[in-house]
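All remarks here apply to the structure that follows.
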Protein chains: 2
Amino acid sequence: MSLIDTEVMRGLNTQGALSHEDKALLLGLELTPRYMSASEVLWQEREDTDQFCVVKEGWAYSYRNLKNGSKQIFNFYLPGDIIGIRDFGFTRRLTSVAMINKGVICPFSYQQLFELFGRSSLAVGIVATATRQQAQLSERLIYLGKYSAYEQLTHFLYEIYLRLKRIKAVENNSFFMPLTQELISDALGMSSVHVSRTFSMLREEGLVIRKRQHVMLPDPEALARLVEFNDSYIDEFLPPSFSELLKS
Amino acid sequence: MSLIDTEVMRGLNTQGALSHEDKALLLGLELTPRYMSASEVLWQEREDTDQFCVVKEGWAYSYRNLKNGSKQIFNFYLPGDIIGIRDFGFTRRLTSVAMINKGVICPFSYQQLFELFGRSSLAVGIVATATRQQAQLSERLIYLGKYSAYEQLTHFLYEIYLRLKRIKAVENNSFFMPLTQELISDALGMSSVHVSRTFSMLREEGLVIRKRQHVMLPDPEALARLVEFNDSYIDEFLPPSFSELLKS
DNA sequence: CGTAGGGTTGAGCGAAATCAAATATAGTGG
DNA sequence: CCACTATATTTGATTTCGCTCAACCCTACG
C-alpha cells in the first residue's frame, strides 16, 4: 500500500494535479523500508521529532500513557497511512507510537516533507491528509462524549471496516483485525471487561462474528444504520475545484 | 488579533522565514471584516465548503447536532484562531459553526488559501496551525475517555486560561469567558447539572471563582498540577530547524 | 415588577467501572 | 505431539459516577 494509492493523492492525481516530479517525490518517501516486529516502538512521547512514516504493512497505533496508569489510544494506523503528521510543528512527540503486529514502515525526514511543500499540489495533499486524520479523531470524540458503549463499539467496528475496504483488505465482509479487546478498550475509553460484554451483545444479535483476530460483519450496513454512520469523513473525494485552483 | 500574531506565524517570522510578500498575503486574508451578532451561524454542517475565517473579535464554536437530540461541541475559537481548516479537503462542512457572543470575523476563500500554498513557508504555517488544533482536540479526547468530570473541567479551564493568556486576554488571573454551563457541558460530554456541581467543588476548594462570565483562577498553576497539564501543545515553539529547511 | 434564561440543589436510577474468578487459546520448549 | 505458560476472554457480584427529573433560586433586563 503506497501513499500514491491513498484517497487524497489518487484524488489529486485523477484531477491531473500531480506532475511526474510530484509523483516521483511521493514515491521517494517510500524507498527505505524498515521491518518491524510486533509491539516494537517507533518513538516515545516527548522524544525529538525528526521524521514521519508511511505504513506499508501491519498495524500501528499512537497512544499516551496516563498518570493514572491507563493508556489512551488515539489512532490505529493501517497500511497507506502516514504516521506523525500530528507532531508537525512541534519539537517533541505528543504521543508514542508502536506497532501492533509485525509489519513494514518507511520513515522519511522533515527535509523530505519540506520538499513536498515546495509543490503546491503536494502541500495541498498533505494538508488534506492531515485534516482527514483530524476528522476521524473528531468522530471518535463524538462517540466518546455522547454515546453508549454499544454505539461506540458499533461505530468503531464499522469505521475499521470502511477503512479496510478502501485498501482492499475486506473479503466477504470479513477482515483481519489484530486488536485485543484491551487495545480497543484503551481507544474507546471503556474497560476491557465492558468491551467483552458489548461484543457479546453484538454477537447475540448476529451483527458481529469475531474469532480472535478475524472479524466478520454479516450485514455491515446494519451497523451503519444503527449509528447513523456519516461516512463523508472517510469516503468523500477531494473537492473538484482543487484542480482549477492548483492550475492558477 | 491578527493571524500574523499567532504563535505559529510569529515563530516563522522570528526565524526569518516570512518575506514581505508572505506577510502581505497573510494580512490580505483579513481585509473584509464581517460583524457578527451573538449566536449567529457562520455555516451549517453539510453545506458546501467555500471559505475559511479568521476570528478577529468574539468567541465562536464548532458543533454537531446529534441524532439523540444533544449536541457535541468540538472547538471553541478565540480571537486569532482560524475556523474551517478541519473542512479542508472535503466538499461539505463536517460541523456547524456559530458565534457565541458578538464579534468580528474575516472570511477568506479557498483561492486565497491556495495562494498561500504557493509559498512554502506559509504552507508550513498552515499545516502547523492545523496540527495544533488537532493536538488540542486530542487532549480533549484524553480527558473525555479516561478522566473524571472534575479533572476534565479543571483541564478545560486551564486550557482556556492558557489560550487567553497567549492573546493577552488575562489580567490578574481573571478573564472573560462568555460560556454558559450548558455550552461547557456540550463540549465536555457531561450534563449541565454535573458541570454546575463540579464548579461548586472547584469553588469550595478556592480553585475557581466564577461570576457569570468572569472567571478568576486564584492559583492557575494549582489547576495545572491537579491534571498534570502538558502545555506543549499550546505553548511550544516551532522547531528551530524549520528556518533551515525553508531556506533550501 | 414580572419574566426568562441561567444556575443550584436534591432524590433516585442506571450504565459502566472495578474486583474477582473461571475459561479459552496461542505459543513454547521438550 | 503434548504439557505448560502466558495471554485473552468471559462471566458474576458489587460499587460508583454521573445522568435524569424536578423543584427552586438568582439576577439581568425590559
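Brief remarks on what is shown
- The fraction of all Cα pairs in the range B:3-62 landing in successive 10 Å bins from 0 to the largest distance is 17, 40, 31, 12, given as whole percents.
- Cβ-vector label at 7 Å, B:Tyr35, separations to other copies in nm: 6.9
- Backbone HN-Hα couplings from phi across the range B:53-70 [Karplus 6.51/-1.76/1.60, Hz, Gly and Pro as x]: 9, 10, 7, 9, 9, x, 10, 10, 8, 9, 7, 10, 7, 9, 5, 7, x, 8
- Lysine pairs in chain B whose alpha-carbon atoms fall under 26 angstrom of each other, counting only those eight or more residues apart or on distinct chains, come to 18.
- Here each label is just a point 7 Å from Cα along the line to Cβ, and for A:Arg34 and B:Gln111 those points are 4.4 nm apart.
- Here B:His194 yields copy-to-copy label distances, from shortest upward, of 1.0 nm, the label point defined as 7 Å from Cα along Cα to C-beta.
- Rg over Rh for the range A:148-226 works out to 0.92, using Cα positions for both radii and the Kirkwood form for Rh.
- Toward the positive end of the charge dipole of the range B:3-138, with +1 on the Cβ of Lys and Arg and -1 on the Cβ of Asp and Glu, the farthest Cα among B:Phe74, B:Val54, B:Gln112 is that of B:Phe74.
- Cα lying deepest toward the dipole's positive end in the range A:148-209, options A:Thr180, A:Tyr150, A:Met190, charges on Cβ: A:Thr180
- Distant-in-sequence amide contacts of B:Lys71, defined by a placed amide H-H separation under 5 Å and a gap of 5 or more residues or a different chain, comprise B:Leu66.
- Among the trypsin sites (Lys or Arg not before Pro) in the range B:1-104, those placed in a DSSP loop whose Cβ has at most 16 other Cβ atoms within 10 Å are B:Arg46, B:Lys67, B:Lys102.
- Within 10 Å of each Cβ in B:214-226, the average number of Cβ atoms from other chains: 0
- For chain A, a simple Cβ point-charge model (Lys and Arg +1, Asp and Glu -1, everything else neutral) yields a dipole of about 480 debye relative to the Cα centre.
- Shielding by other protein chains, A:231-244, mean Cβ within 10 Å: 3
- The range A:3-137: proportion of alpha-carbon pairs further apart than 18 angstrom, %: 54 percent
- GNM top mover of B:His20, B:His214, B:His155 - chain B, alpha-carbon springs below 10 Å: B:His20
- A Stokes-Einstein calculation at 4 °C with viscosity 1.567 mPa s, built on the Kirkwood radius of the protein assembly as shown over Cα pairs, returns a diffusion coefficient of 56 µm²/s.
- Solvent exposure ordering (accessible area, 1.4 Å, most first) of A:Thr32, A:Thr6, B:Thr14: B:Thr14, A:Thr32, A:Thr6
- Inter-copy label distances at A:Asn65 (7 Å, Cα→Cβ; nm, one decimal): 4.6
- CD proxy at 222 nm, helix term only [per DSSP H run n ≥ 4: -39500 (n - 2.57); per residue of chain A; nearest 500]: -13500 deg cm²/dmol
- Chain A: most fluctuating residue of A:Asn172, A:Asn65, A:Asn75 per GNM, C-alpha cutoff 10 Å: A:Asn172
- Per-residue average of Cβ from other chains inside 10 Å of A:185-197: 1
- Looking at the range A:151-248, the trypsin sites (Lys or Arg not before Pro) that sit in a DSSP loop and have at most 13 other Cβ atoms within 10 Å of their own Cβ are A:Lys168, A:Arg212.
- For the range A:227-239, 3J(HN,Hα) computed residue by residue from phi via the Karplus equation (6.51, -1.76, 1.60; θ = phi - 60°) reads 10, 6, 4, 9, 8, 4, 6, 10, 9, 5, 7, 5, x Hz, glycine and proline entered as x.
- Where a label projected 7 Å from the Cα of B:Ile209 along Cα→Cβ would reach, residues of the range B:140-182 with amide N under 16 Å: B:171-177
- Distance from the Cα centroid of the range B:59-74 to that of the range A:170-187 is 29 Å (rounded to whole angstrom).
- Over all distinct Cα-Cα pairs of chain B, the Kirkwood formula returns a hydrodynamic radius of 19.0 Å.
The values are calculated or read from the model by the stated rules, or taken from the named source; none is laboratory data. Remember, predicted model here, so these are calculated numbers, not experimental data. Note that each Cβ is placed from the backbone with ideal geometry, even for glycine, and that neighbours are counted across all protein chains shown. With ligands, DNA and RNA removed, areas are computed over all heavy atoms of the protein, side chains included. Shrake-Rupley method; radii C 1.70, N 1.55, O 1.52, S 1.80 Å.
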